[in-house]
Each structure stands twice: as structure tokens, then as C-alpha cells.
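Structure first, commentary second.
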Amino acid sequence: MEVYLDNSATTRVSPRAAEAMMKIIGSVYGNPSSLHAKGLEAERSLRAARRTVADSIGSDESEIIFTSGGTEANNLAVLGAARARRKRGNKIVTTAFEHSSVFEACKELESEGFEVVYIEPDENGSISSDAFSQAIDGNTILVSAMYVNNELGTILPVERIQRIIKKKNAPALFHCDAVQGYGKLPIKVKKLGCDLLTVSAHKIHGPKGCGALFIKKGVHIKPLVYGGEQERKIRPGTEALPLICGFAAACEELEDIPGRLGAITQLRDYTLSKLEAIGGVVRNSPQDALPYIINVSAVGVRSETMLHFLENKEIYVSSGSACSKGKKSHVLSAMKLEDKRIDSALRISFSCDSTKEEADALAAAVKEGMETLVKAYG
Amino acid sequence: MKEIILAKVGEVVLKGLNRKNFEDLLIKNIRRKLNPLGPFEVKASQSTIRITPLDDSIDMDEAADKVGKVFGVVAYCRACAVEKDIEAIKAAAIEYLADTLEDARSFKVESKRSDKKFPYGSPDISKIVGSFIADSFPELEVDVHNPEVTVTVEVRDMAAYVHANALPGAGGLPIPSGGRAAILISGGIDSPVAAYMMAKRGIELTAIHFASPPYTSERAEEKVRTLLEIVSDYAGRIEMYTVPFTKIQEEIKRSCPEDLFTIIMRRMMMRVSQRIAEQHECLALITGESLGQVASQTLGAIACTDETVTMPVFRPLIGMDKKEIVAVSEKINTFETSLLPYEDCCTVFTPRHPRTKPKPEMVRKAEAAVVWDEMIEEAVQNVKVNVIYPK
């Protein structure tokens, strides 16, 4: 039995999404910008897809810009917003545990002369709204914070941020990287109060290579690339229609998010109880983390060793975060965990398809690993 | 603590003996609008309509947005319904309005007591709740003249309601209290705004669009459908009739003097429109003209256009500047779609120098060269219907 528990890295494409893409590849091959009937057919598919994606976050279809994925959407949001607001202030507030596509974009902005404040997570791996309140001031033009941390599953108090911005009278836009929370928590852009929001298709059983940036009506950002009129000139280039339609098909399958959340919470509790019963296994995720993500340390066995041991049994998990292989996790370091706990951290991430049988297989294999593998530490 | 929506009706209450009819229409429209979100109880009492969700999972943000788009609602707010007990009211004020009060700098409390059995009078309620809020939010100042937040306590027959500032509603009168009229819509900025403005006065809309393929494309028609869909978010279901106009336009081009192309085309459109409007029991035509905006919208041109029809022609934008029209189109969200660059039947065969002061006799004479009746009849016979619903 293949046990895929690395769904925060990526997910299997759902049959429905695959079918939707094949349909477009096979027959709807027109360019949505062409004036003839093939173009119109393609434009209609594009529009329907845009509406579906917009509905999934409670936005208007005119507020959705399709991109090549979460990384591009994050870059477009952070660089585009900061560069558009340069005259109104110089400060950017973000967190120290953002995805690298936000973090590195902020580094780039520092080299362009912006001041960037990186809020450190506390010992629980969380960030309080007070921390944002202290960092945001009248010179702040952009706040970028993720909804859910990809390593721990920590849920950030993002719905407070817009209120803080208002209270401080800051000329700031609020960008939320919602890639890890999308499809898992109910997301309404109005409720979150964000001006910009990033989502990605491949975390919700859609294709890789496709994401979207929500840009609130009336908010202006600078594009990163220049060309045609597509995507309101903010992201020109012929639209990746097959991928976009695959994305929309995956969105349509996002049903009963609160119900799924309840089921996954049960599965998470079950899995954790099994894992924590194994000697040496401790949990790193905070109690109130998103239940789709479990971060644990199998203390004594290096992450990568355990990962390969599990892989031999067709069980797939991640060591820390898949985006920063080999690097010591910044998040776990910020939590001031002991080195041996950081070195042995594993991230198990569920999808709505995950089962108890998979959890059992994982727990049995981790137990076997802990009993048979040579420990790196005494 | 139960959250409800209170919608204030304005002009509707002025309608004397017809008031009940207006109120019933308004309630029906609110119900229809909220239907996709789940079950609600919608009831009128005094000049307020009380909207109560009957299911805990209902998205109240969306419900409030939708109520804000129903014509006839002057103002609306989300409120917390509590027991008629002063302690419960105090608790609701600081819990339910916590976020609002925390963000505000100043406030005051206003009370309305329609249940005279309630032991405290309105000034007492305001005083008690006000000082409790002031104690609970020490940074908040009391300002009775110009407060940022007005906390309102309403003690009614069934319950007490606590809410903060109301938002302005869509205003106007409930549809279809104004009857039915047909909007001539091309796809530009103005006609969707005109449609919205008449719908606001309670008009039920029928739409007439002229298509001249292959001079105009399927996309231009699609654009009009999109615009109507946005308008229908306010106006409700709209029947759209697309008129095949190619033959008439080609004939105008062939047989009439160039400087009169536009004016003759407008006259043909009016003739066709009146026929369609009559078939569908519309009592008026609506256009998006604004005086002097273009050659066909001068007083002379309008007078020359209107002599072809007997129905009243409403032009709600007649006294508005372009800037004002754009502002409404941005507010109702049609602006961006209106800008899409497709040829429409008004831009096909545009004369180089259109006549701004056409003399009716001159135009009549130019038209007389052709027998139009059959062509008009054919266009009317071959209209294509689409029914547009709010998305």
C-alpha cells in the first residue's frame, strides 16, 4: 500500500481535474484572446474557471489573476505592492517563517532600499497579533503574512492585521499567503481583510504550474512582466488554459470544508496518539495548529534517515519543509528546540483522502524505525 | 446571542394605502435574494424589516451584502438579538460589538423603546449601556455630537436589538412597483448605468440589443450578457432580446446620406424597440443618452429620434456628466466590462462628420428612399431571446 502523507508539499491530481485538463488540451485549444469562435470558446472556459476560483475564496471574478503558481503569485504580490507604494512609505512587515517566495522577495526589496521587519515566531511557533501591532507603523506600506505555516501548521491571527493597519493609519496593503490554508480552512477574503491573497492549485489536488493572486478591487500593484492585455495587464501572456481549468475542477471538489476539518482533526488526534506512544517521539506542532499538518521529532534518528526508511515501505513524509532540504529549519530554531529535536523533525501532512489505515501503517513503520535504526545521538 | 439583519425602509412607508403592497414586494425580493444562502424568516414591523437566519451555518457577511443590493432598502445593519433584560443588553453591547468598539475612538448610545412595558426609559437605557461600555473600553471617548460609532439599542415587542452604525442600502423602490420598461443596451458605459437607475425606481427591465454580424461579433453580445448579469444583481431576472440588425444597417449605408447614418440608425432602432417593447408589455423605452455627449445626443438629434415612437422614452442620464456616469458604473461594477474593446452596432459605419442639428424633414426625406417596414418586421420577427439571471 502506498501511503502518501506529504500533502503539504503537493497532492495527487484528482481524476476530475485531470479529466478537465484533458478536455481542454484535446479540444478547447483556441487562444482566449482570438476574436473568432475558437477564441470565444476558450474565453468562456477561462471565465467559468475564473468564477469558480473566485467563488472558492469569496471574491469577485474580476479580482483573480492567474499565475504559474504560489511562488509567482507571492512574488507578484510582494514586489508589485511594494514598488507601487514606494512613494507612500518604506517599511515592509513580514514574519521570519514565511515561504521562501515571500522571504526572498523581501530580501530583494531590502536591496532596493526598503526596510523589512521580520517578526520572529515565539516558542510555540506562533505569532501574536500584538507582535504585528508593535511592528506596523505609519511608514508601513506592506504587511505580508502567511495564513498557515507550512512546517508546523500554525494558524496566524491574520484576520486582525487589517484592523491593526487601519488603527495605525498605515498606508499599507495586506498580503496573505494562504497556500497552506486553502481548501482546508474556510477562506473568505472579506473576512480575512486582505488586499492580496495567494492560492495554489497543486495543494488542492489540481495541477502543478498554476496558482492565483487575489487583488482586491481598487488595489494597484506593479506587474513583474510586460506584454499583452491578459490578466488585466498585471500578468500578461497567453493563459495556461488547461492548467487553469484543472485548477477550477479541483476547486469544485472543495466541498464541506468545516466537515472535512472535523474528520481530519479526528485523524490527526488518532495519528498523534499512536505516534506519541512510541518512545522518543515528541510533537512539535502547537496544540491549535491546522490538523492537516503534524510536525513531530523521532528523537535520535535524523530526519532524512527516517524519511528514507519510511520510503522503503512506500510511506512518504517530509523532513521539515520540502522547500529547504538540508537546511536547518528556521521555524524550529525560532522555537528554541534542542538541536537533536530539530535534526529529527518530520512533517506528516494529510489530504482529505487520508485514512486511518495510512496512519496505522505510518505509526507501525516509525516504531520499527525507532527500534531498529542506529541512533545518531546517544 | 443570535445575529439578525435589520433593513430600514424609506420612501416605501410614504405610500399610504399602497404601503402594504410595497412592503410585500420588498419582502418577496429580499427573500428571493437570500434564497441561495439558506432559510430565513423575513418579517416587517414598523418601518423595519427583520431578517432572521434559520440555520446557524448561514454566511451572514454575504447575507448582509445581498440585502444591501435590494432596492427599497434605505439602510441596513447587522444586529444582535437578545432577551429584553438590561443585563443581557449590556453584555451584548460589549461582546457583540467588541471589534467595532475596540477600533473606534468615540461613541454614543441611542435607544429606542417601543415596548413601553420595559422598565427603563430610552434615556435611562442609553445612560446605563453607555457607562458600561465606557468602563469596559477605557480608551473610548463619549461624543454625543459626532461619534465614530453609534451604538443603538432597540427594545421591540419580541426582543431587544443591539447594533452599531447602519450602512446605506441601495435606496429606491422595490421592483416591479414601477412597471416594466425596455432598455436599449449596446455595451458601452452608459446603458448599464441607465438600466440600473431605472431599476432603482422599481422598474422591471427587459433588454434590447442590436447585433450586426459580421460587423459585430459574438463577443460584443457576450459582453452585453455579462453587463446585464451584473445589473441583474440589483434588477433581478432580465429578458434580453437580440435584434439581427445587419440588413437595416447595410441598407442605411447603401441608400442614405453619410452625415445622417447615425440619426437614421437611431430612428430604426427606436422603431424596432417599440415593437418589441409592446410585444412584451413594456410601457416605456430607456436609453443611456446624456445631453450633448455625442452628435446623436444633441437636443436636435434626440427630438428627431423620438418622433418615431409614441412610448415615453426615459433617459435617466440626460443631465449627468461623463464623470458622474463613470462613478455609478464603478459603483455597480460594470465599468471594467464596459471598457472591453469590441465593435458594437453604434460604432459600425460611423460617419466622418455626423450632423449635430438634423432637421426632421431632411431626415424623413432621406429615409423615404427605402421601404423599411418589411425589414423592420423581419428584424422584430427574428429576435433571439436570452434570460439573464444574477450570478
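Below is a table of values for the structure above.
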item	result
Prolate/oblate/rounded call for the stretch A:11-93, Cα gyration tensor, a/c under 1.5 rounded	prolate
Pairwise FRET efficiency - A:Glu108 versus B:Met158, Cβ, R0 = 41 Å, nearest 0.05	0.10
Out-of-range pairs (alpha-carbon distance over 18 Å; input A:Lys191/A:Lys222; B:Lys322/B:Lys391; B:Lys33/B:Lys391; A:Lys166/B:Lys108; A:Lys191/A:Lys217)	A:Lys191/A:Lys222; B:Lys322/B:Lys391; A:Lys166/B:Lys108
Cα gyration tensor shape for the stretch A:327-375, rounded if a/c is under 1.5, else prolate or oblate	oblate
Stokes-Einstein D in µm²/s, Kirkwood radius over Cα pairs - chain B at 37 °C with 0.692 mPa s viscosity	139
Neighbour-count order for A:Ser56, B:Ser114, fewest beta carbons within 10 angstrom listed first	B:Ser114, A:Ser56
Helix B:19-34 axis, angle to chain B major axis (alpha carbon atoms, nearest 10°)	90
The stretch B:333-391 - Rg (one decimal) and Dmax (whole number), Cα, Å	17.3, 47
Residue exposure sequence - A:Met21, B:Met60 - by fewest surrounding Cβ within 10 Å	B:Met60, A:Met21
Convex hull per residue volume in Å³, alpha carbons only, for the protein assembly as shown	189
Translational diffusion coefficient (Stokes-Einstein; Kirkwood radius from C-alpha pairs) of the stretch A:276-321 at 37 °C, 0.692 mPa s, in µm²/s	284
Shape parameters for the stretch A:209-367, alpha-carbon atoms, Rg then Dmax in Å	20.0, 60
Beta bridges by DSSP in the protein assembly as shown, antiparallel share as percent, to the nearest 5	55
Residues with amide H under 5 Å from that of A:Val117, placed H, sequence gap 5 or more	A:Ile92, A:Val93, A:Thr94
Square roots of five times the Cα gyration tensor eigenvalues for the stretch B:56-103, Å	24, 13, 12
Calculated FRET efficiency for the pair B:Glu62/B:Glu378, C-beta based, R₀ 60 Å, to 0.05	0.85
Pairs of alpha carbons in the stretch B:89-164 whose separation is greater than 22 Å (percent)	17
Inter-label distance, nm, simple model (7 Å from Cα along the C-beta direction), B:Asp85/A:His36	7.5
Binned Cα-Cα distance frequencies in the stretch A:199-262 - 5 Å width, integer %	4, 15, 20, 21, 18, 12, 5, 4, 1, 0
Top positive-direction residue, dipole computed over the protein assembly as shown with Cβ charges, set B:Tyr96, A:Ser303, B:Val224	B:Val224
Contact order relative to length of the stretch A:231-339, as percent, for alpha carbon pairs under 8 angstrom and 6 or more apart	14
Per-selection Kirkwood Rh - the stretch A:1-159 (Cα, Å, 1 d.p.)	18.7
Relative contact order [Cα under 8 Å, 6+ residues apart], chain A, whole percent	23
Helix A:70-84 vs. chain A, principal-axis angle (Cα, 0 to 90°, nearest 10)	50
Nearest 10 degrees, 0 to 90: helix A:356-372 Cα axis against chain A principal axis	50
Neighbourhood net charge (10 Å Cβ-Cβ; Lys/Arg +1, Asp/Glu -1) for B:Ala207	0
Average Cα contact separation per residue, the stretch A:6-156, under 8 Å, 6 or more apart, as relative contact order %	18
Hull-based mean projected area of the stretch A:1-41, where the convex hull spans the alpha carbons, in square nanometres	4.4
Ellipsoid semi-axes in whole angstrom, largest first, where each is sqrt(5λ) of the Cα gyration tensor of the stretch B:274-391	26, 22, 16
Tail weight of P(r) past 16 Å, computed on alpha-carbon pairs of the stretch A:132-239, percent	63
Virtual spin-label span in nm between A:Lys222 and A:Arg16, 7 Å along Cα→Cβ	4.1
Lys, Arg +1 and Asp, Glu -1 on Cβ, resulting dipole of the protein assembly as shown about Cα centre, debye, nearest 20	1580
Chain A shape via C-alpha gyration tensor axes, a/c threshold 1.5	oblate
When the convex hull of its Cα atoms is projected in every direction, mean area for the stretch B:1-50 (nm²)	3.7
Amide proton proximity set for B:Val142, modelled H, under 5 Å, gap of 5+	B:Phe107
Cα-based Rg and Dmax for the stretch B:1-121, where Dmax is the largest Cα-Cα distance (Å)	15.7, 45
Links that overshoot a 20 Å alpha carbon limit, given the list A:Lys23/A:Lys203; A:Lys38/A:Lys208; B:Lys84/B:Lys112	A:Lys23/A:Lys203; A:Lys38/A:Lys208
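Read-outs throughout are calculated quantities, based only on the coordinates presented, and are distinct from any laboratory measurement. All of these numbers come straight from a predicted model, not from anything done at the bench. So basically every Cβ, Gly included, is an ideal-geometry build from the backbone, and we count neighbours across all protein chains shown.
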